[in-house]
Structures are given as structure tokens and as C-alpha cells.
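**Student:** What follows is a single structure, and I will ask about it in a moment.
The values are calculated or read from the model by the stated rules, or taken from the named source; none is laboratory data. This one's a predicted model, so the numbers in the text were calculated from it and none came from an experiment. Here the Cβ positions follow ideal geometry from the backbone for every residue, glycine too, while neighbour counts run over all protein chains shown. In case anyone asks, the SASA skips ligands and DNA or RNA and just uses the protein heavy atoms, side chains included. Shrake-Rupley method; radii C 1.70, N 1.55, O 1.52, S 1.80 Å.
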Amino acid sequence: MHRAGPGEIADVLAVLDEAAAWLGEQGVRQWPQRFEREWVEPAVLAGETWLAFGGERVLATVTLDRTDGLWADRPASATYVHRLAVRRAAAGLGGEILDWAATRAATEGCQFLRLDCVAWNRRLRAYYEAAGFQH
């Protein structure tokens with residue numbers, strides 16, 4: 001994994017937009033059709049967004065941060081997974097990224113790795129639960 005830099009925001013957006021289009025084709029309305037630069041740039045500039053490569057090609061992106069307002073009632077030390085997206089050509093890479101994120105969180109002393117996932121997306125919830133996460 002490679003920390004995304006300011007010059008790679010277009011790469012982050014390309015992966016997110018491809019994933020959003022695929023989700024839309026599957027009938028999942030979780031993400032917008034297109035992501036705006038302003039939505040991802042703060043996390044990139046904060047050093048929270050990562051890219052996975054296959055050779056020279058960007059295959060996936062994920063943002064990891066240490067706060068999430070939706071989890072404010074659970075103050076334990078945690079890393080939060082946001083905007084995990086994988087290009088269709090690299091389907092299956094998501095599990096490896098989750099494993100990497102869990103290792104990174106533990107290395108940073110976090111007790112938990114928590115996910116940003118809408119409750120109604122049963123398919124995504126099943127994917128995360130199969131990876132060992134609990135709803």
C-alpha cells in the first residue's frame with residue numbers, strides 16, 4: 001500500500017467512480033455516481049488515503065482515519081475504514097486491504113478496526129461479516 005499524495009487525487013477519484021458505477025449497475029445506491037474532489041482531498045492531504053498498485057496501475061483505494069462521528073458513543077481507540085474501493089479487474093483485493101488495515105491499526109495501538117457501511121446494504125454487510133467483522 002502506498003499513501004496517496006496530492007498529485008494522486010485523480011487516481012483515487014477514478015477508482016471510486018469505477019466502483020460507484022459498478023455498484024449502480026448492481027442496483028446499489030450507496031455512493032454518488034461521481035465523487036467530487038472536495039470530498040476526498042482533505043483525507044489525501046491529511047495522509048489518510050492509500051492506494052494499492054498492480055505494477056504501475058492503481059487497483060484500489062481506502063481511507064483510514066482515527067475518528068468517526070457515527071461512533072462517538074464508542075470512544076475506544078479505533079481506526080475507521082472509509083471509501084474502500086477496488087477496480088473490477090482486481091476483484092478480491094478488498095480482503096487483503098482489510099487485513100492490511102487491521103495490521104496497521106494494531107501496530108498503531110488501536111483496539112478496533114471499524115467500518116463505514118450503511119446498514120441496509122446487506123451484500124456489503126455479509127462481505128464484511130464473512131471477513132470477521134460484527135454488525
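**Student:** Using protein chains only and a probe of 1.4 angstrom, how many square angstrom of residue 50 are accessible, to the nearest 10?
**Tutor:** Accessible area, nearest 10 Å²: 20 Å².
**Student:** Right, another one. How large is the accessible surface of residue 108 in square angstrom, using a 1.4 angstrom probe and rounding to the nearest 10?
**Tutor:** In the full protein context, residue 108 sits at about 80 Å².
**Student:** How big is the gap, in Å, between the Cα center of the range 1-46 and the Cα center of the range 50-68?
**Tutor:** Computed from Cα coordinates, the inter-centre distance equals 10 Å.
**Student:** Still on this structure, I have one more. Starting from the Cα of residue 107, move 7 Å in the Cα-to-Cβ direction to define the label point; list residues of the range 1-28 whose amide nitrogen is under 20 Å from there.
**Tutor:** 1-5
**Student:** Can you list the HN-Hα couplings for the range 27-43, worked out from phi with the Karplus curve (6.51, -1.76, 1.60; θ = phi - 60°), rounded to whole Hz and with x for Gly and Pro?
**Tutor:** Listing the rounded values in order: x, 9, 9, 8, 10, x, 4, 9, 8, 8, 3, 4, 7, 10, 4, x, 5 Hz.
**Student:** Once you have the Cα-Cα distance between residue 34 and residue 130, take 0.36 nm times their residue separation minus that, and quote the gain in nm to one decimal.
**Tutor:** On the way: separation 96, 0.36 × 96 = 34.56 nm, distance 2.83 nm.
So the chain would gain 31.7 nm between residue 34 and residue 130.
**Student:** Can you list residues from other chains, or at least 5 along the same chain, whose modelled amide H is less than 5 Å from the amide H of residue 35?
**Tutor:** 17
**Student:** Taking only C-alpha pairs under 8 Å that are 6+ residues apart, what is the relative contact order of the range 1-44 in percent?
**Tutor:** The value is 48 percent.
**Student:** Per residue of the range 114-123, what does 6.51 cos²θ - 1.76 cosθ + 1.60 with θ = phi - 60° give for ³J(HN,Hα)? Whole Hz please, x for Gly and Pro, Karplus curve as stated.
**Tutor:** My calculation for the range 114-123 gives 10, 10, 9, 8, 5, 5, 7, 7, 4, 5 Hz in order.
**Student:** Let me ask something additional. For labels at residue 120 and residue 17 in the simple 7 Å Cα→Cβ model, what's the distance in nm?
**Tutor:** Modelled inter-label distance: 2.6 nm.
**Student:** Can you list the residues, at least 5 places off or on another chain, whose amide H is less than 5 Å from the amide H of residue 116, using H built in the peptide plane?
**Tutor:** Amide H neighbours of residue 116, under 5 Å, 5+ apart: 81.
**Student:** Once every DSSP H run of n ≥ 4 in the chain is given -39500 (n - 2.57) and the sum is divided by its residues, what mean residue ellipticity at 222 nm do you get, rounded to the nearest 500 deg cm²/dmol?
**Tutor:** Working: 4 runs with 50 residues, N = 135.
Calculated at 222 nm, the ellipticity per residue is -11500 deg cm²/dmol.
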